[in-house]
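One structure is given here, and the rest of the page talks about it.
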Amino acid sequence: MRIFVLLTLGLAAALLARPAARPPAPDPAFRTEQLRYPRVREAYAQYQEAVRARLRRQQIAPERLELFVRAFKMERRVEVWGRNQDGGPFILLRTFALAGVSGRLGPKRRAGDRQIPEGFYTINRFNPNSEFLLSLGLDYPNAADQQHTPSGLDPGDNIFVHGSHETIGCLPITDAGIQELYVLAVEARAAGQRNIPVHIFPFGLTANQLARRQQSPHYAFWQELAPAYAYFETHRTLPTVIVATNGAYVAR
């Protein structure tokens, strides 16, 4: 399994680490705790069988499920990828339409800018009583975001993947979409995946797409994101991404 931790590497702070040698310890009690909440029980009633059938078709065991989420702002889609924890390539399980967007292309740099973040994050909390039905919280602001926030300004927080069509900087995927994703995420967490990686891109960072945007003020930043995008496109596994002391992302 790929475990995401914060560590020191020379002069760089690591944001994402490579897979651990041992499989994670299962945590079925997490599922039991989540099922105490009516909205989670309803999501399971609606989607548990469909989720398990989808995993079986891809030969992924629910008790060994590992997830990865990738979002594209311009294309307005959120992809959910899965595999067994013992490695191998990720397989596309589901694509949800991004039901609403706010702000423009480019990263989030301060509270109130309405921007959806761009960069490398993890789902680090589950909200079964969200204002938007259910929600999965991201660890924004990460080390890179904090480095790039102008001095004296608040970078903001509370960025979620959630239900509904409404957003001010979050990733809404409709109520039906978040119910299905929430079930997948709870299953992965119960299988031992403590942090689910989420990569958010402005668009598919191909050479052609970047070449069209060389005049953008965000061009240099998007070039930092591009190697991690390309690595996953080639290998269907996740690279190591570190945050250098200047706040730049470096994929390895």
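The accessible area of F160, taken with all protein chains in place and a 1.4 Å probe, comes to roughly 30 Å². FRET efficiency for the Q147 to A176 pair, using the beta carbon distance and R₀ = 30 Å, is estimated at 0.20. Taking 0.36 nm per residue of separation and subtracting the Cα-Cα distance, full extension of the segment from A97 to R114 would add 4.2 nm. Using the Karplus relation 6.51 cos²θ - 1.76 cosθ + 1.60 with θ = phi - 60°, the per-residue 3J(HN,Hα) values for the range 137-149 come to x, 9, 7, 7, x, 8, 4, 5, 4, 5, 5, 8, 5 Hz, with x marking Gly and Pro.
Remark: the range 100-197 carries 36 Å² of accessible area per residue (probe radius 1.4 Å; ligands, DNA and RNA excluded).
What a 1.4 Å probe finds exposed on the chain is 50% carbon and sulfur by accessible area, rounded to a whole percent.
Counting only protein heavy atoms and using a 1.4 Å probe, the accessible area of S135 comes to about 0 Å².
Relative contact order of the range 137-252: what whole-number percent is it, with Cα pairs under 8 angstrom and at least 6 residues apart? So the answer I get is 20 percent. Evaluating 6.51 cos²θ - 1.76 cosθ + 1.60 at θ = phi - 60° for every residue in the range 110-121, the Karplus couplings come out as 6, 4, x, 7, 6, 7, 7, x, 10, x, 10, 9 Hz, glycine and proline recorded as x. The range 48-82 and the range 112-157 have Cα centres lying 22 Å from one another. Charged neighbours of E166, selected by a Cβ distance under 13 Å, balance to -1 (K, R count +1; D, E count -1). Proximity of backbone amide H atoms, modeled 1.01 Å from N, is registered between A191 and D27 at under 5 Å, excluding neighbours fewer than 5 places apart on the same chain.
The values are calculated or read from the model by the stated rules, or taken from the named source; none is laboratory data. The shown structure was predicted, so the numbers you read here are calculated from the model rather than taken from an experiment. Cβ: placed from backbone, ideal geometry, glycine included. Neighbour counts: every protein chain shown. In case anyone asks, the SASA skips ligands and DNA or RNA and just uses the protein heavy atoms, side chains included. Shrake-Rupley method; radii C 1.70, N 1.55, O 1.52, S 1.80 Å.
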